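What follows is calculated from the coordinates using simple rules that are stated; it is not laboratory data. Computed from a predicted model, the values in this text were never measured in an experiment. Every residue, glycine as well, gets a Cβ built from its backbone with ideal geometry; the counts of neighbours run over all protein chains shown.
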Amino acid sequence: MRNLYACTLLAAVSALQMACMAPAPPVNVFHLGDKIQAGPLIYNVMEGKWRAQIGEGPDPRVPERRFLIVHLTVTNSGGQDLDIPSLTLVDQGGQVFNESLDAAGYRIGWG
């Protein structure tokens, strides 16, 4: 009888713990050219290129792995001036890669 009570209690506690767990957020997958709105900012990724290095000549920038160069537009659809927040890239394994604005030797056009 004590075993049955312990098993029932354990099952009830397990069920309560699972009920209190927040579900995983949905995975958003977007494609090149899709317009993605986050608050008043609308992002549109135009192009992405993988590079083994940035720059030419005697001092190219060489990454730990590879560079992903992303060309995108950001439109502010709101009525106030806003800063564009830093971007992060998350791979399928959940590893996070932070944006780097240090593109010495690589021509970037803003505008």
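Data overview
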| item | result |
| --- | --- |
| Selection from THR73, GLY48, PHE97, by position along the positive dipole direction of the stretch 25-111 (Cβ) | GLY48 |
| Contour excess over end-to-end distance, with Cα ends at LEU32 and LEU68 and 0.36 nm allotted per residue | 11.6 nm |
| Ranked list, fewest to most other Cβ atoms within 10 Å of each Cβ, for VAL27, VAL74, VAL45, VAL90 | VAL27, VAL90, VAL74, VAL45 |
| Linear extension gain, VAL45 paired with ASP81, 0.36 nm per residue minus alpha-carbon span | 10.8 nm |
| Debye log10 I(q)/I(0) at q = 0.15, 0.17, 0.21 Å⁻¹ for the stretch 25-111, Cα point scatterers | -0.71, -0.89, -1.23 |
| Net dipole in debye of the stretch 25-111 [+1 Lys, Arg Cβ; -1 Asp, Glu Cβ; about Cα centre; nearest 20] | 240 |
